[in-house]
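> Have a look at this one.
Just so you know, all these numbers are worked out from the coordinates, no wet-lab data involved. This is a predicted model, so every value here is computed, not measured. When we count neighbours, we look across all protein chains shown, and the Cβ atoms used for this are built from the backbone with ideal geometry, even at glycine.
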Amino acid sequence: MEFDTASIRAGAAQLTERIREHRRTVHRHPELGFAEHRTAAYVESVLDRLGVEHRRVVGTGVVAVLPGSGPRCVGVRADMDALPVLEAAGRLGYRSEIEGLSHACGHDGHVAVALGLAELLAGVPVLPGTVALYFQPAEEGPGGADPMVDAGVLDDPVPDAIVALHVSSRYPSGTVALRSGPMTGSDDSFTITVHGVGGHAAHPETAVDPIPIAAEIVGAVQHVVTREIDPVTPVVVTFGSIHGGSRHNVIAPTVVLEGTIRTLHAHNRELLVARVPEVAQAIASAHRATTSVEMVRGYPVGNNDASLTALMALAARAVLGDTRVVAASAPSLGGEDFYAFGQTGVPVSMFWLGVADASRGIVAPHHSPAFDLAEEALPAGVAVFAETICRLLG
Ligand SMILES: [Zn+2]
Ligand SMILES: [Zn+2]
């Protein structure tokens, strides 16, 4: 195959069925972070069939390298992990076969796109430069990008740019959305334990009930969000779980709250990381209880390199046409560890690939049990990557 825009567009379209097959294979066997054994083995088996060299890193990470004639190198990252989300009923043909786990963020689609890209590139007799594919574990946590960089994946080959995509249920199928600058939010998580004194439900005066204290903490933290943060700078604090108590007539000794803090600005991040534990402790002590708080610093804000993003936008317009390429007006406060690949100074950029199809009811948000993706969108991801690579390798 030639390596030009027309051939890339046609080549990606021809891979539609194969990409669907990759996606469904991975979808059936979701695996959590650093346990992507079967997924990594599948990636390796496809690369072997294509004659693409590869190596294992950090347990379940796979780096594939397609060498080329020129000195330049482009990296492409695909995350592989799933989530502990029970998939909703009603999907035919490609349901998760692992009870309680599913690809509710669409990383199965990312693997499928990267494997489709590998096949397209392997069909080019001589690439104008090198392409490295990073199949990454554990994006949903604890983070696989940092360990891959620490393991030296950027040392051999050394990339001049690294690109990625994330499928998105916020955009229609086959649409590409790009933006330069901030793309994803910082992502810190916390666990607050409210320590009360257990007792009889009918004798609260002999106990310290942590449940109303926990409820007050949930409300007070939102108070910090609306009263202490510049309202034109977005932040989110979500309590994702509250656990306490065993039955209706027992006052629980403790309640455990878990939550996440998302920001786009460093000063907001520092303020909330400090204020959430402070407010929790102040409310607890006002009501004779205590708290212990564990704060886990997660991914920083993800920034797309401006010139790489501009080049990727031109590449997307070339292969998809102007109407299917949009400027993303706002970042997401979702966390993303892809940007750790930029820590050596190499320019990085990620785009959103729309996978929603309202006519078929494919609209559920990421991380929800009903999340699904329009598979027909995936070849567009292959085409945009290939055209971007073609332009970057010159
Ligand atoms: Zn996710
Ligand atoms: Zn994701």
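> Counting only Cα, what are the radius of gyration and maximum Cα-Cα distance Dmax of the stretch 1-131, in Å?
15.7, 50
> Now, a different point. Below 8 Å, C-alpha to C-alpha, sequence gap of six or more: please give me the relative contact order for the chain in percent.
25
> From the C-alpha coordinates alone, can you work out the Kirkwood hydrodynamic radius of the chain, in Å?
That comes to 22.3 Å for the chain.
> Can you tell me the FRET efficiency between Thr191 and Ala327 if r is taken as the Cβ-Cβ distance and R0 is 56 Å, rounded to the nearest 0.05?
0.90
> While we're on this one: Using 0.36 nm times the number of residues separating Arg56 and Gln343, minus their current alpha carbon distance, what extension gain do you get?
Roughly 101.2 nm would be gained on extension.
> Something else about it: Could you calculate the contour length gain from Ser292 to Ala151, that is, 0.36 nm times the residue separation minus the distance between their Cα atoms, to one decimal place in nm? All intermediate terms of the calculation are to be shown ahead of the outcome.
On the way: separation 141, 0.36 × 141 = 50.76 nm, distance 3.48 nm.
That pair, Ser292 and Ala151, stretches by 47.3 nm at full extension.
> With a 10 Å radius around each residue's Cβ, average the other Cβ atoms per peptide and rank 344-351, 87-94, highest first.
344-351, 87-94
> Go ahead and collect, in residue order, the members of the stretch 113-149 whose backbone nitrogen is under 11 Å from a label point 7 Å along the Cα-Cβ direction of Met1.
Under 11 Å, as judged by backbone N against the label point of Met1, lie 116-125 of the stretch 113-149.
> While we're here: Which values, in whole Å and largest first, are the semi-axes of the equivalent ellipsoid of the stretch 242-352 obtained as the square root of 5 times each eigenvalue of the Cα gyration tensor?
Details: eigenvalues 382, 56, 26 Å².
Ellipsoid semi-axes (Å, largest first): 44, 17, 11.
> Shifting gears a bit: Output the Kirkwood hydrodynamic radius of the stretch 80-125, Cα pairs only, in Å rounded to one decimal.
The answer is 12.2 Å.
> Also: Which of Ile162, Ile211 comes first, and how do the rest follow, when ranked by fewest Cβ neighbours within 10 Å?
Values: Ile162 25, Ile211 16.
Going from least to most buried by this count: Ile211, Ile162.
> Efficiency by 1/(1 + (r/R0)^6): what FRET value for Arg317 and Ile98, r their Cβ-Cβ distance, R0 = 41 Å, to the nearest 0.05?
Working: r = 39 Å, r/R0 = 0.96.
The calculated FRET efficiency here is 0.55.
> Where does the Debye-calculated log10 I(q)/I(0) of the stretch 175-303 sit at q = 0.09, 0.16, 0.19, 0.22 Å⁻¹, using only Cα point scatterers of equal weight, no solvent?
Values returned for q = 0.09, 0.16, 0.19, 0.22 Å⁻¹ are -0.31, -0.78, -0.98, -1.20.
> At 0.36 nm per residue, minus the direct Cα-Cα distance, what do Glu270 and Gln14 gain on full extension? Give it in nm, one decimal, please. It would help to have the intermediate numbers written out before the result.
Details: separation 256, 0.36 × 256 = 92.16 nm, distance 4.89 nm.
Contour length minus the Cα-Cα distance gives 87.3 nm.
> With r as the distance between the Cβ atoms of His37 and Val250 and R0 = 35 Å, compute the FRET efficiency 1/(1 + (r/R0)^6) and round to 0.05. Mind showing how you got there, number by number?
Working: r = 43 Å, r/R0 = 1.21.
Between Val250 and His37 the formula returns 0.25.
> Next question. Helix-only mean residue ellipticity at 222 nm, the chain, DSSP H runs n ≥ 4 weighted -39,500 (n - 2.57), per residue, nearest 500. What is it?
-10500 deg cm²/dmol
> Taking a ≥ b ≥ c as the square roots of the eigenvalues of the Cα gyration tensor of the stretch 152-239, is the shape rounded (a/c under 1.5), prolate (a/b larger than b/c) or oblate?
The shape class here is prolate.
> Then there is this: Evaluate Rg over Rh across the stretch 60-193, taking Cα atoms for both radii and Kirkwood's formula for Rh.
Radius of gyration over Kirkwood radius for the stretch 60-193 works out to 1.00.
> Okay, next question. Suppose every Lys and Arg Cβ carries +1 and every Asp and Glu Cβ carries -1, with no other charges. What dipole size does the stretch 220-341 come out with about its Cα centre, to the nearest 20 debye? The partial results should precede the final answer.
Details: 9 positive and 10 negative charges, 64 e Å.
With only Lys, Arg, Asp and Glu charged at Cβ, the dipole is about 300 debye.
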